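The values are calculated or read from the model by the stated rules, or taken from the named source; none is laboratory data. All values reported here derive from a predicted model rather than from experimental measurement. Neighbour counts run over all protein chains shown; Cβ positions are idealised from the backbone, glycine included. Accessible surface is based on the protein model in full, side chains and every heavy atom, while ligands, DNA and RNA are left aside. Shrake-Rupley method; radii C 1.70, N 1.55, O 1.52, S 1.80 Å.
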Amino acid sequence: MLRLYYSAMTSAFRCRWTLEETGLAHEVVHLSLARAEHKSAEYLKIHPLGSVPALVDGDQVVLESAAICMYIAEKDPERRLVPPEGSIARAHYYQWIFFSMTNIDSMVHGPYLRAFPRPPELRSTAATDDERAALRRYLNLLDDRLAAGWVLGQHFTTADIILGGLLEWADVCGLLRDAGPAEGYLARLRERPAFRRAAD
């Protein structure tokens, strides 16, 4: 059984969401950041940097949230979240995952870290107008796709989970204000039953 080491409001959410989408048997181990459980000697044997998430599969460990999501998707016997191997859709799948984890993450991470420790009612004030404009320039590349469906058209994939997890952070810290199709796209993602189960 897969074991996910998880903390709320971290990138571990997208991994838990992927597990819920696939329906693979798994266990979620909750780590309290406030109690520094991610820095315990036991957990440092799993993740030497003391970061979350980490995924344990038998005697193997997978680190980094995007890698974990992609690994889980490949483990699904039905491959529901992955385009066929060798297809142009598979190339675009990789393209948008890497785009999200480089360009979008670099825009979102700083404002989200500023918002994270604030009371919930103040988190949406963390982002500046300049930061919103910078993120908007990247999201412009996806406008037509997000308005019409999912990142790869009508096929929901792990690319949507990774981008969606980052947009969830962006919304928390106020980056998605006036963000065009990305706002409606995030609303559709939040309606997915697997998203809701992961968010509980």
If one computes the Cα centroid of the stretch 172-200 and of the stretch 1-70, what distance in Å separates the two points? 22
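Given a Förster distance of 41 angstrom, what is the FRET efficiency for L24 paired with A133, based on the Cβ-Cβ distance and rounded to 0.05? If you can, show how the numbers build up before the last one.
Working: r = 40 Å, r/R0 = 0.97.
The calculated FRET efficiency here is 0.55.
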Rank G165, A66, Q95 by how far each Cα sits towards the positive end of the charge dipole of the chain (+1 on Lys, Arg Cβ; -1 on Asp, Glu Cβ) and give me just the farthest. G165
If you place +1 on the Cβ of every Lys and Arg and -1 on the Cβ of every Asp and Glu, how big does the dipole about the Cα centre of the stretch 1-95 come out, in debye to the nearest 20? 240
Loop only by DSSP, 11 or fewer other Cβ within 10 Å of the Cβ. Give me the trypsin sites (Lys or Arg not before Pro) in the stretch 40-81 that pass, ordered by residue number. K45
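What FRET efficiency comes out for the pair E74/R196, r = Cβ-Cβ distance, R0 = 25 Å, nearest 0.05? It would help to have the intermediate numbers written out before the result.
Working: r = 24 Å, r/R0 = 0.97.
It comes to 0.55.
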Quick check for you: which residues of the stretch 129-169 have the amide N under 16 Å from the point 7 Å beyond the Cα of S87 toward its beta carbon? 150-160
Student exercise, the chain dipole from Lys, Arg, Asp, Glu Cβ charges, in Debye to nearest 20: 220
For the chain, build the convex hull from the C-alpha positions and give me its volume per residue in Å³. 120
Accessible area of the stretch 55-118 belonging to carbon and sulfur atoms, whole % at 1.4 Å probe: 59
The stretch 30-98 accessible area per residue, 1.4 Å probe, protein heavy atoms, integer Å², reads 57
Distance between modelled label sites at D144 and L63, nm, 7 Å Cα→Cβ extension: 4.0
Computed on Cα atoms, the radius of gyration and Dmax of the stretch 125-195 in angstrom are 11.7, 34
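Expressed as cubic angstrom per residue, what is the convex hull volume of the alpha carbon set of the stretch 1-89? Spell out each step's value before the answer.
Values: hull volume 9.0 nm³, N = 89.
Cα convex hull per residue, to the nearest whole number: 101 Å³.
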From the backbone phi of the stretch 30-35, what are the Karplus-calculated ³J(HN,Hα) couplings (6.51 cos²θ - 1.76 cosθ + 1.60, θ = phi - 60°) in whole Hz, Gly and Pro given as x? 7, 10, 8, 5, 4, 9
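How fast does the stretch 40-82 diffuse by Stokes-Einstein, in µm²/s, taking the Kirkwood radius from C-alpha pairs at 25 °C and 0.890 mPa s? Don't skip to the end; give the middle numbers.
Working: Rh = 11.3 Å.
The calculation lands on 218 µm²/s.
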